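Right, one structure below, let's go through it.
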Amino acid sequence: MMSYFFFGLLGALIWPIIIIGLIVFFIVRHREKTYSTHDKEWYLRFALSKEDAISQLFLLLSFLFLGVTLLAFNRDLGDPFSWHTILLITSIIGLVIAYYFKTVYTFIFSLIGAVNWWNVQAIEWVQNKDIGTSAAFVGLAFIALLFYVLGRLHEKKIKFKKFALVYVVLGIIIITGVLFFFSTRIGLEALENITKRPLLFDSWQIALSLLIFISSIVGVTLYSARKKLIFPTEFIGVFILTALFSLIALLPEQNMSIQSSSGYYLSGKGVLWALVFNLAAFLESLGLILSGCLRKENWLINLGAFFLFLLIIVKYFDWFFTLLDKSFFFIGAGILLFVVGWSMEKGRRYILKKVKTESQ
């Protein structure tokens, strides 16, 4: 049952990444048609021209056909390898091709394929050892943090600026989705369910994988900080989130709710974790805006403002939907949407104007 929950949650996190990426791609393509070396944010375009877009699309199709071919051969040979092993092999080949030809399309799908391989493989490891799926889920958060710091590291070279953008955006969206999910009542119930089994040390594969992830995050973050590729606020944020998810991987069983005659209520632990995740989600959204200001990146400011607006709306529905009469609830929601939207749009425009003035 927990594996189905995990796969459902994975889909809820991965597919929005693809959809948002496509939306951003078409918006940027419509805004900028040709490449210019004087454009500061040229790397926001996935393709530099129509010809480049078509060539990348054909290379992506060849990559997808490669995966289908390997699956067909594997089936004809009697399935000596599992399907997720084929997914890993195809993703590695795709990453090599993407780095060699500097193709963003193939790079995105290869990264998503590698992330999906980890989740499927981690679920298999924890099910064989009857370990709580929190360990597998924490691995996804570590991968997202690693993506973010790898993205900042890739910004060191101009030829990898597009790859850096992909790493950073994927890392931000996954981490934000995880924090948003666990800050809700449904997320807290899920956290209670995934901590009801033995600790991760019963599986050496999971323990070793998480250790490698943590070591990679620490190493890349320290190196990026030494090269001044990340700001102190980003440095602190990455290590705080790493410590938070490491704690979740080691958690024993957590009783988040108390059942009474009138329904379910959050226990003391539930309230504590609700405060932790809500505060983390709020500070993460503010941190994106701050990072965008420091880096003078308008897209990051807009993304942080969008997540902050979304967080406020989600919290309103999560906290007041069952407490207010439905008519008052929706009237309040309309007023809240108007006030918050107007205020954040005004603040966003002010920040963007200030960043533009400082850049000039």
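How many residues are of a type in the set (Ser, Thr, Tyr), under 28 Å from residue 160 (Cβ atoms) and surrounded by fewer than 18 Cβ atoms within 10 Å (Cβ to Cβ) when one looks only at the range 66-115? Residues flagged as of a type in the set (Ser, Thr, Tyr), under 28 Å from residue 160 (Cβ atoms) and surrounded by fewer than 18 Cβ atoms within 10 Å (Cβ to Cβ) within the range 66-115 amount to 2. When residues in the range 221-236 are screened for being touching a residue at least 24 places away in the same chain (Cβ under 8 Å), open to solvent by 30 Å² or more (accessible area, probe 1.4 Å) and in a helix (DSSP H, G or I), 2 of them pass. Checked against (1) open to solvent by 10 Å² or more (accessible area, probe 1.4 Å); (2) modelled with pLDDT under 85; (3) not acidic (Asp, Glu), residue 119 meets all criteria but (1). Pick from the range 190-205 the residues that are surrounded by fewer than 19 Cβ atoms within 10 Å (Cβ to Cβ), touching a helix residue (DSSP H, G or I) at 6+ places or on another chain (Cβ under 6 Å) and not hydrophobic (A, V, I, L, M, F, W, C): which of them is modelled with the lowest pLDDT? Here the residue is 202.
At pLDDT 70 or above and of a type in the set (A, V, I, L, M), is that true of residue 331? Here the answer is no, as residue 331 does not meet what is asked. Applying the selection to the range 206-215, what residues are surrounded by fewer than 20 Cβ atoms within 10 Å (Cβ to Cβ) and within 17 Å of the chain's Cα centre (by Cα)? Once the filter is applied, which keeps residues that are surrounded by fewer than 20 Cβ atoms within 10 Å (Cβ to Cβ) and within 17 Å of the chain's Cα centre (by Cα), the range 206-215 yields only 214.
Tell me yes or no: at least one residue of the range 73-96 is modelled with pLDDT under 90, within 23 Å of the chain's Cα centre (by Cα) and on the phi > 0 side of the Ramachandran plot. No - not one qualifying residue is present in the range 73-96. Evaluate the following for residue 99: is it of a type in the set (Phe, Trp, Tyr), assigned to a helix (DSSP H, G or I) and at pLDDT below 90? Spelling it out, it is not the case that residue 99 is of a type in the set (Phe, Trp, Tyr), assigned to a helix (DSSP H, G or I) and at pLDDT below 90.
The values are calculated or read from the model by the stated rules, or taken from the named source; none is laboratory data. Owing to the predicted nature of the structure, the values given are computational and were not obtained by experimental measurement. Neighbour counts are summed over all protein chains in view; Cβ atoms, including those assigned to glycine, are modelled from backbone coordinates with ideal geometry. All accessible areas refer to the heavy atoms of the entire protein, side chains included, with ligands and DNA or RNA removed. Shrake-Rupley method; radii C 1.70, N 1.55, O 1.52, S 1.80 Å.
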